[in-house]
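Worksheet: the structure to be examined is printed underneath.
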Amino acid sequence: MNQGDFLSTYSSELINSEVIKWAEVERFVRFHIEGLSQNPMQVKQFSAGYSNLTYLIQIGDWEGVLRRPPFGEIPSKAHDMKREFLILQKIHPVYPLAPKPYLYGEDPKIMDKHFYVMEKKQGVLLDDVIPPEYQGNEETFRVISETVVKTLVQLHEINYKEAGLSDIGRPEGFLERQVYGWIKRYKNTKTDEIEMVDEIEDWLVNHIPSSPQPTIVHNDFKLNNMMFSPGDPGKVVAVFDWEMCTIGDPLTDVGISLAYWTEGGEAETGLSSVTITPGFIKRREFAHLYAMKSGRDLSNIDYYLTFAFYKTATALQQMYYRWKKREAQDQRFAKLNIGIRNLMQQAYRAKSKELL
């Protein structure tokens, strides 16, 4: 991963020392983790996305990843690091692809928001570019595609009751709550008029399907939330971003995976994906493979894909709304309206059965 050199000190503005007291972070880590080197802690920020922030911290040979909410005002109940930490404590033993959590902190003397530290996984990330290890091999990309499907099926096979995860969600009425909840979020943060949105919302409300038996739902299961073995593209070494994990309808995970599984010729949405590269399977085959491997009925998958596009557009809309109100300063948010409109167009196409 090309994410920049380590900073020689952790007092640089590049790693937000004005709100993160890295010397206090180091003391906190050393207090909770025994046997660390006397070498000073080094810090490197990972590529910044639109959501939670992650930092690689290293003390001698030991490495960990610190994860925290974004800076500034954030929506109520969003970016709940404590919930994610507690979920990882329970899910890591039964699904080791989830990183092992080390420690949790919420002391304002350390930083402005709560945070946790988890294990550092080693491997290859697939985001907006093909890494050198995997370039030029269409068979490799097919193997990766099939591995993504297999990994999702394995997650949905976990007995969440035996894993002690029953309390992280309410499966009864899950899909209906999701649909109405995301429609409310969009309406509360609406800025621009997008002509097809009302029709999409009406369709989503009036066509809610019956859900299969509930499972663990990752809620953001996508290619760039996974890490692969450098020497074996058929082996996943990590699945990240468990903040929204719950118990509910597993086909919502399939819908999100398909929404991010971009195909060639589609309009710009602001979502990074390498799946347009020849060799990656198409959405239709992804859905077919999941149905075959899981035994679940995907006859209503167009609904889940429509909702996934709508939900993703709404997530971006919330960020765009904050930028329009000058509550967020990130200039990347200024162009989110383009992606929002194109995602709504994708939702409309999925509703019309044009994508699968």
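To keep it simple, each residue is scored yes or no on (1) farther than 19 Å from F141 by Cα; (2) acidic (D, E).
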position	(1), (2)
E201	yes, yes
N206	yes, no
G279	no, no
E285	no, yes
A291	yes, no
D302	yes, yes
Residues that are among the polar types (S, T, N, Q) and out of contact with any Gly (no Cβ under 7 Å at 6 or more places or on another chain): list the strands (runs of 3 or more DSSP E) wholly contained in region 205-244 that include at least 1 such residues. 215-217
Taking I276 as the residue in question, decide whether it is among the aliphatic types (A, V, I, L, M), surrounded by fewer than 17 Cβ atoms within 10 Å (Cβ to Cβ) and more than 22 Å from E172 (Cβ to Cβ). yes
Got a number for residues in region 167-204 being modelled with pLDDT of 95 or more and in a helix (DSSP H, G or I)? 23
Suppose we keep only residues that are among the hydrophobic types (A, V, I, L, M, F, W, C) and free of Cβ contacts under 8 Å to residues at least 40 places away in the same chain within region 260-276. Which one would you say is nearest to Y304 (Cα to Cα)? W261
How many of the residues in region 23-58 are without any contact (Cβ under 8 Å) to a residue 40 or more places away in the chain and touching a helix residue (DSSP H, G or I) at 6+ places or on another chain (Cβ under 7 Å)? 3
Exception for I200 within (1) buried (at least 16 other Cβ atoms within 10 Å of the Cβ); (2) under 23 Å from the mean Cα position of the chain (by Cα); (3) not small (G, A, S) falls at (2)
What single numbered condition from (1) within 28 Å of K161 (Cα to Cα); (2) of a type in the set (G, A, S); (3) modelled with pLDDT of 95 or more fails to hold for G64? (1)
Taking region 319-330 and keeping only residues that are surrounded by 19 or more Cβ atoms within 10 Å (Cβ to Cβ) and either in contact (Cβ under 8 Å) with a residue 60 or more places away in the chain or on the phi > 0 side of the Ramachandran plot (or both), one is left with M319, Y320, Y321, R322, A328
Considering residues that are in contact with a Phe, Trp or Tyr (Cβ under 7 Å, 6 or more places away or on another chain) and in a helix (DSSP H, G or I), the number found within region 245-273 is 9
Only one of T189, T140, T151 is among the polar types (S, T, N, Q) and under 19 Å from the mean Cα position of the chain (by Cα). Can you tell me which? T151
Do we have R170 as loosely packed, with under 15 Cβ neighbours inside 10 Å, under 24 Å from Y304 (Cα atoms) and free of Cβ contacts under 8 Å to residues at least 12 places away in the same chain here? no
Where residues in region 291-348 are within 21 Å of the chain's Cα centre (by Cα) and not in a helix (DSSP H, G or I), which of them is modelled with the lowest pLDDT? A328
Residue, farthest from E193 (Cα to Cα), within region 331-356, restricted to residues that are of a type outside the set (K, R) and without any contact (Cβ under 8 Å) to a residue 12 or more places away in the chain: E354
Can you name the condition, by its number, that K187 falls short on among (1) in contact (Cβ under 8 Å) with a residue 40 or more places away in the chain; (2) surrounded by fewer than 17 Cβ atoms within 10 Å (Cβ to Cβ)? (1)
Of the residues in region 132-156, those that are touching a residue at least 24 places away in the same chain (Cβ under 8 Å) and assigned to a loop (DSSP other than H, G, I, E, B) come to N137
Here are some residues: D297, D330. Which one is farther than 25 Å from E84 by Cβ and not aromatic (F, W, Y)? D297
Does region 151-166 include one or more residues that are of a type in the set (G, A, S), crowded, with 18+ Cβ neighbours inside 10 Å, out of contact with any Leu (no Cβ under 7 Å at 6 or more places or on another chain) and at negative phi? no
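The values are calculated or read from the model by the stated rules, or taken from the named source; none is laboratory data. None of these values were measured; they are calculated from a predicted model. Note that we place each Cβ from the backbone using ideal geometry, even for glycine, and neighbour counts take in every protein chain shown.
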